1. Roughly how many debye, to the nearest 20, is the charge dipole of the chain about its Cα centre, given +1 on each Lys and Arg Cβ, -1 on each Asp and Glu Cβ, and no other charges?
2. Within the accessible area of region 383-472, what % is carbon and sulfur when the probe is 1.4 Å and the other protein chains stay in place?
3. Dipole magnitude of region 383-472 about its Cα centre, charges +1 at Lys/Arg Cβ and -1 at Asp/Glu Cβ only, in debye to the nearest 20?
4. For PHE95, PHE71, PHE389, what's the largest-to-smallest order of accessible area, 1.4 Å probe?
5. Points 7 angstrom from Cα along the Cβ direction at LYS1 and ALA22: gap in nanometres?
6. Read phi for every residue in region 42-49 and hand back ³J(HN,Hα) as whole Hz from Karplus 6.51 cos²θ - 1.76 cosθ + 1.60, θ = phi - 60°, with x for Gly and Pro.
7. Given Cβ point charges of +1 (Lys, Arg) and -1 (Asp, Glu) and nothing else, what value in debye, to the nearest 20, does the dipole of region 233-379 about its Cα centre take?
8. Using a 1.4 Å probe, what is the accessible area per residue for region 383-472, in Å²?
Amino acid sequence: KLAMEFPSEDVFLMTASPVIKAVTNFKQVSRTLEEFDVEEQPSSLLEKRYPNIKVIQSEVKQLKSEEHKIFTEDGKEYMYEKLCLCAGAKPKLIFEGNPYVLGIRDTDSAEAFQKNLAQAERIVVVGNGGIALELVYEIEGCEVIWAIKDKAIGNTFFDAGAAEFLIPKLTAEKQETAIACKRTKYTMEGMIEKKEGPRAESDNLGSALGPDWHEGLHLKGTKQFSHKVHIEILCEVKKILLQQEFIQLQRTSLTFPKEEKNVEPDEVLWPIYVELTNGKIYGCNFIVSATGVVPNVKPFLDGNNFALGEDGGLKVDKYMHTSIPDIYAAGDICTASWEPSPVWHQMRLWTQARQMGWYAAKCMAADTLGESIDLDFSFELFAHVTKFFNYKVVVLGKYNAQGLGLDHELMLRCTKGQEYVKVVMQNGKMMGAVLIGETDLEETFENLILNQMDLSAYGEDLLNPNIDIEDYFD
């Protein structure tokens, strides 16, 4: 966007990764919903397309905002007129520095996970967000103990009802033919050859995974079955014990729980053991920490007085300005600090990162040219489309009644194995919705949330499957 706005200016893109993430097959599904693929491409493609872009492959060592300078790890320095920080976030690992604890965030860690899984008989997955959900569903031939701190799976995206709707898919044998994936293909082809050797410290981040990052990976363990998932709810990891400690402490671990049976003590010795806060101990080959991310601000804080949000991100105003002149931020690294629309909230997702990046470039351009600019309409309504357990999932507005207190009601429609529709209503107005399956209601509901029309008169008929609701509100 910046390169297009200012063809005669130099635009530097600094990245620690040899590849860049490019958005391809972009499709505007509705006014606020968008689908796209995220592809890894060599940076030379971007430089060919825009001659004024120069990609610098090096990590940032230091930012000296008063001097308008950036210093890179390879000993060079660069002056900037305007700077936008888009360094994303890094995984919030439950335990740093343990070789048996893997975080999945970038392409390197996804590869490492695939290699480890090929030899694994049992793993423990900790976390309840998007990556944990996709992971647990995609893994075959390996026992999975899934530890979540909530009552129901996927609480970032759904409520307990939606979780109940999805759970049968976890125990069913997977169909060989997956539904054609309309978004990202995560591919390892054409990757620049990697230097062999151990994985760099977790600070050296690759680029974040796009949605459907597991598509190109062969996620199969050593066993001959498809799914074997056991969920431990309302618990967190209390302690991690290496095999030697486990033996020394003479603890007892449990076998993989079978239906309706008392859990037996495990006779097998595992490389690592997880003690949960509910008192249970399970052995496994390794642990996947999928417990969310923290904004990757560390490289930029030293000597710069950035205002930070409660979640540790760089605070930005409605023009994506940080608290330091000429420095903007977008995506996972930033915390939106303007007064949001009543049906929008920030979430560290690919869709929002793309929107923020595009809008930040518009703001930088407007500022340079002395023009005024309005807040982008993509911040009017929270809207995200994804895929879990092979179902299309659309979440709109305050889909989990975020911040609405007790003053709201829910309406539900559910056809087992086919669709799940939930609407959040407040004072007769639609504030949010969760749509699982091919419901074709996203555009209608998007309009109803944006228009804040009073729907009291329709009552329960709003979700009556025999009434074509779209005809009412075209």
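The values are calculated or read from the model by the stated rules, or taken from the named source; none is laboratory data. Just so it is clear, the model here is predicted, and its values are computed rather than measured. Every residue, glycine among them, receives a Cβ derived from its backbone with ideal geometry; neighbour counts consider all protein chains shown. The accessibility values were calculated without ligands, DNA or RNA, using every heavy atom of the protein model including side chains. Shrake-Rupley method; radii C 1.70, N 1.55, O 1.52, S 1.80 Å.
1. 1100 debye
2. Values: 1740 of 3990 Å².
Carbon and sulfur atoms account for 44 percent of the accessible area of region 383-472.
3. Working: 7 positive and 14 negative charges, 101 e Å.
Result for region 383-472 is approximately 480 debye, rounded to the nearest 20.
4. Values: PHE95 75, PHE71 45, PHE389 5 Å².
Descending accessible area places them as PHE95, PHE71, PHE389.
5. Label at LYS1, label at ALA22, 1.9 nm between them.
6. For region 42-49, the Karplus curve yields x, 5, 4, 4, 5, 5, 5, 5 Hz.
7. Working: 12 positive and 19 negative charges, 60 e Å.
In total the dipole reaches around 280 debye.
8. Values: 3990 Å² over 90 residues.
Ligands and nucleic acids excluded, the figure is 44 Å² per residue.
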